[in-house]
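Reading through the structure tokens given below for one structure.
The values are calculated or read from the model by the stated rules, or taken from the named source; none is laboratory data. No experiment lies behind these values; they were computed from the predicted model shown. For neighbour counting, all protein chains shown are included, and Cβ atoms are generated from backbone atoms with ideal geometry for every residue, glycine included. Just the protein is used for accessible areas: all its heavy atoms, side chains included, with ligands, DNA and RNA removed. Shrake-Rupley method; radii C 1.70, N 1.55, O 1.52, S 1.80 Å.
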Amino acid sequence: SMRFSDAEITEGGRLFNIYCGICHGTALDGNGPLYASGKFAAMPANLKDAKYLHMPVGQMYAAIKYGKNAMGSYASQLDIHQRWQVIAYIKKTQAENGGDAFTFGMGSADTSKKMAMAVADTAAKAKK
């Protein structure tokens, strides 16, 4: 499994606030400024809601890379490592709010090989 340092998870949070918080809210509650302003009829995913607390990381990765419903793709804004940092940040926050145990914490520095394997796995599942 992938492991991220505290600094990488903090960076994931910074990236989340830049690219995701505008819709999903910096509290991950789906109440970002864009939604609160009334510009969207449908509320963005509340990532603290039971529906999303246990969402598989591969599904999250696909949503970031390809977009989902009204959410566009963020593939051009976030590289592979950054996408996983954002997901690690979301999963850590979810774990602190009733989600699955956080498994992306400190480990080996060799995350790129593990990420490449996870991305290949995600891509293979997306083709099904």
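Summary table
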quantity	calculated
Scan of the range 70-90 for residues that are small (Gly, Ala, Ser) and surrounded by fewer than 16 Cβ atoms within 10 Å (Cβ to Cβ), ordered by number	Ala70, Gly72, Ser73, Ala75, Ser76
Members of the range 13-61 that are open to solvent by 50 Å² or more (accessible area, probe 1.4 Å) and in contact (Cβ under 8 Å) with a residue 60 or more places away in the chain	Tyr19
The range 60-78, residues that are over 15 Å from Ile22 (Cα atoms), at pLDDT 95 or above and part of a loop (DSSP other than H, G, I, E, B)	Gly67, Ala75, Ser76, Leu78
Matching residues, the range 23-51, being assigned to a helix (DSSP H, G or I) and within 18 Å of Ile87 (Cβ to Cβ)	Cys23, His24, Lys51
